[in-house]
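Chemist: One structure is given below, represented as structure tokens, and several questions about it will come after.
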Amino acid sequence: MPETPIYGPGRVPVKLVVNGQTHLLNLLPSETLAEVLRGELGLTGTKVVCGMGDCGACTVWLGSKPVYSCLQLAIDCQSQPITTIEGLKRNGELHPVQQAFIADDAFQCGYCTSGQVMSMAALLERNPDPDEEAIRSAVAGNLCRCGAYPKIVRAGKRAAEMLRVSKEREAPGE
Amino acid sequence: MAKLVKTKVEVEGEVSEEYALVQEPLTTPWDVEEELKVVGKPVPRVDGEERASGAAHYPSDIRLPGMLHAKFLRSPYPHARVRRIDTSRAEQLPGVRAVMSKDNAPATPWNNKRPIFDDVARFAGDEVAAVAADTLTIARQALRLIQVDYEPLPFVLDPEAALHDDAPKIYPDGNLLDGEPTKYERGDVELALAEADVVVEGTFETPTQVHNSLETHGSVVTWEGDQVVVYDSTQNVFGVRDCVARWLGLDRNRVRVVKQFMGGGFGSKLGTGKYTVAAALLAKRTGRPIRFFLDRTEENIAAGHRHATRQYLRVGAKRDGTLLAIDLRSYTALGAYSAWGAAVGGPARELYNCANVRTYEYNVFTNIGPQSAFRAPGYVEGMFGLEILMDELAGQLGMDPLELRIKNYAARSPLNNLPYSSNGLLDTYEEGARAIGWDKRQQLDRTGTRRRGIGMASQIWGGAGAPPSYARVQVQSDASVTVITGTQDIGTGTKTILAQITAEELGVPLDKIRVEIGDSEWGLYSILSGGSMTAATVGPAVREAAADAKGQLINLAAQFLQVRPSTLTLNDGVIRGVKRRRPIEKRLAEILGELGDIMVIGNGSRAPNPDGVAIRTFGAQFVEVEVDIETGAVRVIKVVASHDCGRILNPLTTSSQIEGGVLQGMGYALMEQQIVDPKTGVVVNPNLENYFIPTMLDVPEIQVHMIDRADPNINNLGAKGVGEPPIIPTAPAIVNAVYDAIGIRFRSIPLTRDRVLDALERQQTSDIRQQTGVSG
């Protein structure tokens, strides 16, 4: 794999690390990360709703940062690991945000849920003690047409609490 | 022995009499006061993990070997004759596998008896041709190579303008659906208006609201032997099955429609899409699976919307507030194809006890995309005008708006004078008023630049459910239970409530139950998921099936244990009883385990609704808003949503539906509108960039109040639907709250900042004129 990516024309070799697994692919330079995740890799948990950065349904992590995968070219995503909703489980267990979404009914149709969960989980990874405003603004770029928003706020709070409790368990007395 | 009955069926405000084949019922309604173990509890969704983990497969996620991608070529003109289509260059593009247009598509009639690809395009976005290719990119390239010779025709967008003699004709016999308005009249409206002490009137306009379901409309279609399999994002698997069967000339058992999950529908996915039939035809032609999904733009211009309305409304009353007359003339812009108009006059006809009511509803073809059902179609629009004018009437009479409504409460249905099976409207008024602080609204701050106000509005809607609907409850030999029925979950939590009902009736733990829905292959027919019908239709059938299975299990256990069946119970998966005065306790799994591979199959069907009662859902919403008079921004601070829909099967998922309805109603009131350029007839905001829907930052505090009282007179659950009711009162309640805040009565929505600022400016000008004595 060369240091600087080849930008075509035609298909070019691309190396992506997704959910801890390395994929060697031949992609058109115009292919978005969302298209590649869904089409090439079959990771259909990531949804494409608007395809133009309006709705956040396609949110994944590039490194630790949530990004709209419909606005990222796949060839530009080779330097950092990618995490999708399918890669959020730890030791076979759902991420606390996923557990909280289920407990609080923070979805209806569920089509925006992957994006909501990825945005919310990214917040909690960098700010384990968010106030309500931080929770709301973390998913302000994730549209939900069913209107699950009130329950999403509730789930965000529950997940933060779950993470706090589990951290206390890991490091007692601190 | 099954019995053939005739029963009233109401779908989206339209009532019809239909046959249903039903079993003699085994169950009676649970007692109103009875505390149930599983039903009524806030059980998280049984399929929650699939939704939260990305594992749920939506129709748009389906990928099949050899699958082709299809796209429509759409008319750029709002009205044009398609003189000639040349597809030869598109066909020669490598990777293109089929092109279909009016020249080679079957002539079977589609909407309004027009062929699937007609020689006239009737809206900017109308389907002119379809292409199937190896990739989406190639399909898009191919569309650009199709040459169409269009003859642009004059077009019309406004429904009233479309009725003028010189208006462009969208169909040869005119633009008015059925050639006349839908007329309703009781009493003598003109006489009553003449005798009224006070008459208020107004012209109300509501915008085109687009569902914008996050998953676009679409299907993946493949042939498996002599059967066509359709993965469809649909609210109606059996409707799609029947339509595809009809189009392709197949028996219904040769069409299988599958929908495990769907990304929203809100009424827009009750019909069968042209894309589905086109995909089936292309799949047949190419011998390959076809994926045919719309993109976001197409979703906005061609996949349905709530029709815009203009409503001329007059209300007359006595000095004491008694309503004497309601007179409504409404015009709806149907778009180019939809052959029905929603019941805009519904609220005027049935919300209040009023002897003289006249509604003339003009449903008019216009050169935009077809309208479709959108969550409480008609009632959302009609309630808007009626409940704003009721507030104005209260103002003229010097009455409390809530008091005026209570005074005109209808104790029996004004439509047929039948008593209601149950009616909690007054309770929802009381509960809502208390929770918002209705009596203290005078104390709100109206002095600064941000002014607070409180308003309210009422809700009435159906939600009775109806036969036919069938269910099966299978108990495997390990005592695990499978519930099978042909309904579909549109995001409301249907699987969960069906599991709860089964657990309650059968007496087995919830985690032993698996619910299989969303597949026509199992053949257990159930109605479409619309009209707030699913829970109250399918739930009772499932309870019947569970009761049948339970009876068989008890019988079987009695024979095995050699006791009389009447001595046995089944609870929490355990058979208990008495044998020779000694208690027996044996797990059901233990008993069945000793019987080899037996299976117990319980069947159930939905009993008809009772005669002699009117079944409706009721509610009221109370809203506090804040209007910034410097920026024109209207912010909803708090919504109290108080609703009566009988027994609540699951308060967790029910409150989710209510919150969602409120938020869509808030979007309708404040920000949502499709904008069509009057010069070109083209939608200028066909995306989520410029068509605004509420985001997290718009969300107010929402308090959900459920009356939660079982209706003993309807079905074996005592439950009615809840999907649509919560969107109905939101917009007029917001508009009434805005009046309370700034003293301006808006009669058109959405309340965008420019509209609010314009009105504030006019208010100021007229204040100055009044102060200085300048007239005009």
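Chemist: Filter the range B:684-711 for residues that are away from every other protein chain (no Cβ under 14 Å) and open to solvent by 20 Å² or more (accessible area, probe 1.4 Å) and give the result.
Modeler: B:V684, B:H705, B:M706, B:I707, B:D708, B:R709
Chemist: Out of B:V722, B:V676, B:V684, B:V704, report the one residue that is of a type in the set (A, V, I, L, M, F, W, C) and farther than 30 Å from B:G632 by Cβ.
Modeler: Only one candidate passes the filter, namely B:V722.
Chemist: Step by step: first the residues of the range B:212-231, then only those that are among the small types (G, A, S) and at pLDDT 95 or above, then the one that is surrounded by the most Cβ atoms within 10 Å (Cβ to Cβ). Which residue is that?
Modeler: Here the residue is B:S219.
Chemist: Hey, B:G66 hits all of (1) in a loop (DSSP other than H, G, I, E, B); (2) within 14 Å of chain A (Cβ to nearest Cβ); (3) under 30 Å from B:G287 (Cβ atoms) but one; which does it fall short on?
Modeler: Unmet for B:G66, out of (1) in a loop (DSSP other than H, G, I, E, B); (2) within 14 Å of chain A (Cβ to nearest Cβ); (3) under 30 Å from B:G287 (Cβ atoms): (2).
Chemist: What number goes with the only condition from (1) at pLDDT below 95; (2) open to solvent by less than 70 Å² (accessible area, probe 1.4 Å) that B:G66 does not pass?
Modeler: (1)
Chemist: Given the conditions (1) modelled with pLDDT of 95 or more; (2) within 30 Å of B:R412 (Cα to Cα); (3) part of a loop (DSSP other than H, G, I, E, B), which single one is not true for B:W340?
Modeler: (1)
Chemist: Same structure, new question: Restricting to the range A:21-50, and then to whatever is more than 17 Å from A:Q80 (Cβ to Cβ) and under 16 Å from the mean Cα position of the chain (by Cα), can you tell me which residue is most open to solvent (accessible area, probe 1.4 Å)?
Modeler: The extreme case among them is A:E35.
Chemist: Tally up the residues in the range B:232-284 that are more than 21 Å from B:G493 (Cα to Cα), hydrophobic (A, V, I, L, M, F, W, C) and either in contact (Cβ under 8 Å) with a residue 12 or more places away in the chain or surrounded by 24 or more Cβ atoms within 10 Å (Cβ to Cβ) (or both), please.
Modeler: Matching residues across the range B:232-284 total 14.
Rundown of residues vs (1) in contact with a Pro (Cβ under 6 Å, 6 or more places away or on another chain); (2) open to solvent by 20 Å² or more (accessible area, probe 1.4 Å); (3) away from chain A (no Cβ under 14 Å); (4) in a loop (DSSP other than H, G, I, E, B), yes/no style:
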position	(1), (2), (3), (4)
B:S16	no, yes, yes, no
B:A20	yes, no, yes, no
B:T28	no, yes, yes, yes
B:H57	no, yes, no, yes
B:A70	no, no, yes, no
B:V82	no, no, yes, no
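Chemist: Give me the pairs, please: first residue somewhere in the range A:40-58 and more than 7 Å from chain B (Cβ to nearest Cβ) and modelled with pLDDT of 95 or more, second residue anywhere and open to solvent by 40 Å² or more (accessible area, probe 1.4 Å) and not in a loop (DSSP other than H, G, I, E, B), beta-carbon distance under 8 Å, and either six or more positions apart or on two chains.
Modeler: Cβ pairs passing all conditions: A:E40/A:H23; A:L41/A:H23; A:L43/A:E86; A:V48/A:E35; A:G53/A:Y68; A:G53/A:L71; A:G56/A:Y68; A:C58/A:Y68.
Chemist: Whether any residue in the range A:103-117 is open to solvent by 10 Å² or more (accessible area, probe 1.4 Å), within 18 Å of A:N19 (Cα to Cα) and more than 7 Å from chain B (Cβ to nearest Cβ) is what I want to check.
Modeler: No; the residues of the range A:103-117 include none that is open to solvent by 10 Å² or more (accessible area, probe 1.4 Å), within 18 Å of A:N19 (Cα to Cα) and more than 7 Å from chain B (Cβ to nearest Cβ).
Chemist: Let me ask something else. Give me the pairs: first residue in the range B:671-683 and open to solvent by 60 Å² or more (accessible area, probe 1.4 Å), second residue among the acidic types (D, E), beta-carbon distance under 9 Å, and six or more apart or on different chains, which are they?
Modeler: From the range B:671-683, the pairs are B:P678/B:D158.
Chemist: Go through the range B:524-541 and give me each residue that's aliphatic (A, V, I, L, M) and open to solvent by less than 10 Å² (accessible area, probe 1.4 Å).
Modeler: B:M533, B:A536, B:V538, B:A541
Chemist: Being of a type in the set (G, A, S), open to solvent by less than 10 Å² (accessible area, probe 1.4 Å) and touching a Pro at 6+ places or on another chain (Cβ under 9 Å) is the filter here; which residues of the range B:372-400 pass it?
Modeler: B:A376, B:G378, B:G382, B:G385, B:A394, listed by residue number.
Chemist: Conditions: (1) open to solvent by less than 10 Å² (accessible area, probe 1.4 Å); (2) of a type in the set (A, V, I, L, M, F, W, C); (3) not in a loop (DSSP other than H, G, I, E, B). B:L751 meets all but one. Number of the miss?
Modeler: For B:L751, the exception is condition (3).
Chemist: Residue check: is B:A107 free of Cβ contacts under 8 Å to residues at least 24 places away in the same chain, in a loop (DSSP other than H, G, I, E, B) and either acidic (D, E) or away from every other protein chain (no Cβ under 14 Å) (or both)?
Modeler: When the stated conditions are applied, B:A107 passes them.
Conditions (1) within 28 Å of B:M533 (Cα to Cα); (2) of a type in the set (S, T, Y), marked per residue:
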site	(1), (2)
B:R310	no, no
B:R329	no, no
B:S372	yes, yes
B:A410	yes, no
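Chemist: Determine the pairs where a residue that is more than 8 Å from chain B (Cβ to nearest Cβ) and in contact (Cβ under 8 Å) with a residue 60 or more places away in the chain, located within the range A:75-101, has a partner that is open to solvent by 70 Å² or more (accessible area, probe 1.4 Å) and of a type outside the set (S, T, N, Q) with Cβ atoms under 6 Å apart, the partner being 6 or more residues away or on another chain.
Modeler: Cβ pairs passing all conditions: A:Q78/A:K15; A:A100/A:R158.
Chemist: Continuing with this model, one more query. How many of the residues in the range B:159-194 are in a loop (DSSP other than H, G, I, E, B) and crowded, with 17+ Cβ neighbours inside 10 Å?
Modeler: 5
Chemist: Continuing with the same structure: With the structure loaded, tell me whether A:V153 is at pLDDT below 95 and either part of a helix (DSSP H, G or I) or within 9 Å of chain B (Cβ to nearest Cβ) (or both) or whether it fails that test.
Modeler: no
Chemist: Run down A:D76, A:D131 and say which single residue is assigned by TED's automatic domain parsing to the domain that holds A:L27 and open to solvent by 30 Å² or more (accessible area, probe 1.4 Å).
Modeler: The conditions single out A:D76.
Chemist: Output the residues belonging to the range B:718-745 that are under 30 Å from B:Q674 (Cα atoms), in contact (Cβ under 8 Å) with a residue 40 or more places away in the chain, in a loop (DSSP other than H, G, I, E, B) and open to solvent by less than 30 Å² (accessible area, probe 1.4 Å).
Modeler: Within the range B:718-745, B:G721, B:V722, B:G723, B:E724, B:I728, B:P729 qualify.
Chemist: Another question about this same structure. Is it the case that some residue within the range B:280-289 is in a loop (DSSP other than H, G, I, E, B), small (G, A, S) and closer than 23 Å to B:T485 by Cα?
Modeler: no
Chemist: Another question, if that's okay. Test B:I714 against the criterion of being touching a residue at least 12 places away in the same chain (Cβ under 8 Å), closer than 30 Å to B:A546 by Cα and either within 14 Å of chain A (Cβ to nearest Cβ) or in contact with an Asp or Glu (Cβ under 8 Å, 6 or more places away or on another chain) (or both), and give yes or no.
Modeler: So B:I714 fails the test.
Chemist: How many residues does the range B:31-55 contain that are at pLDDT 95 or above and away from every other protein chain (no Cβ under 11 Å)?
Modeler: The number of residues fulfilling the criteria is 6.
Chemist: State all residues of the range A:59-74 that are away from chain B (no Cβ under 12 Å), assigned to a strand (DSSP E or B) and within 19 Å of A:V117 (Cβ to Cβ); if no residue qualifies, say none.
Modeler: Matches in the range A:59-74: A:W61, A:L62, A:K65, A:P66, A:V67, A:Y68.
Chemist: Any idea how many residues of the range B:622-647 are open to solvent by less than 10 Å² (accessible area, probe 1.4 Å) and more than 14 Å from every other protein chain (Cβ to nearest Cβ)?
Modeler: 10
The values are calculated or read from the model by the stated rules, or taken from the named source; none is laboratory data. Remember, it's a predicted structure, so these values are computed and weren't measured experimentally. FYI the Cβ positions are ideal-geometry reconstructions off the backbone, even for glycines, and counts take in every protein chain you see. Accessible surface is based on the protein model in full, side chains and every heavy atom, while ligands, DNA and RNA are left aside. Shrake-Rupley method; radii C 1.70, N 1.55, O 1.52, S 1.80 Å.
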